[in-house]
Amino acid sequence: AILKIKSTQGRCKAFSTCVSHLTVITFFYGPASYIYMRPNSSCSPERDKQISLFYNVFTALLNPVVYSLRNKDIKRAFLK
């Protein structure tokens, strides 16, 4: 769908939005999938708590960063 957009600016904007969403989804479902797919004997319950904390807290903290980087002024300041 992104490749069917005729303007280069439109493609870049759509791709940027898509990549930011896929990043957040990966950070959420990656650790969650690991917890549910691993063998029961491989990790302790304490390790499971750390991993679940990662995908719950890190994803919530990452969302404002991702959406603020879509702002042109913040992007310019970040690149400086």
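The values are calculated or read from the model by the stated rules, or taken from the named source; none is laboratory data. On a predicted model such as this, the values are computed, not experimentally measured, just so you know. Counting neighbours? That spans all protein chains shown, and the Cβs are built from the backbone with ideal geometry, glycine included. SASA here: full protein model, heavy atoms, side chains in, ligands and nucleic acids out. Shrake-Rupley method; radii C 1.70, N 1.55, O 1.52, S 1.80 Å.
With the structure loaded, tell me whether S68 is free of Cβ contacts under 8 Å to residues at least 40 places away in the same chain, open to solvent by less than 60 Å² (accessible area, probe 1.4 Å), assigned by the TED database to the domain that holds K13 and not aromatic (F, W, Y) or whether it fails that test. Even if it seems obvious, please write down each step before you answer.
Numbers: free of Cβ contacts under 8 Å to residues at least 40 places away in the same chain: yes; open to solvent by less than 60 Å² (accessible area, probe 1.4 Å): yes; assigned by the TED database to the domain that holds K13: no; not aromatic (F, W, Y): yes.
In short, no.
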Can you pull out every residue in the stretch 1-15 that is assigned to a helix (DSSP H, G or I) and either touching a strand residue (DSSP E or B) at 6+ places or on another chain (Cβ under 8 Å) or loosely packed, with under 14 Cβ neighbours inside 10 Å (or both)? I2, L3, K4, T8, Q9, G10, C12, F15
Among the listed residues N56, N63, N40, identify the single one that is in a loop (DSSP other than H, G, I, E, B) and either under 17 Å from the mean Cα position of the chain (by Cα) or loosely packed, with under 12 Cβ neighbours inside 10 Å (or both). N40
So I35, is it within 26 Å of L62 (Cα to Cα), surrounded by 13 or more Cβ atoms within 10 Å (Cβ to Cβ) and of a type in the set (A, V, I, L, M): yes
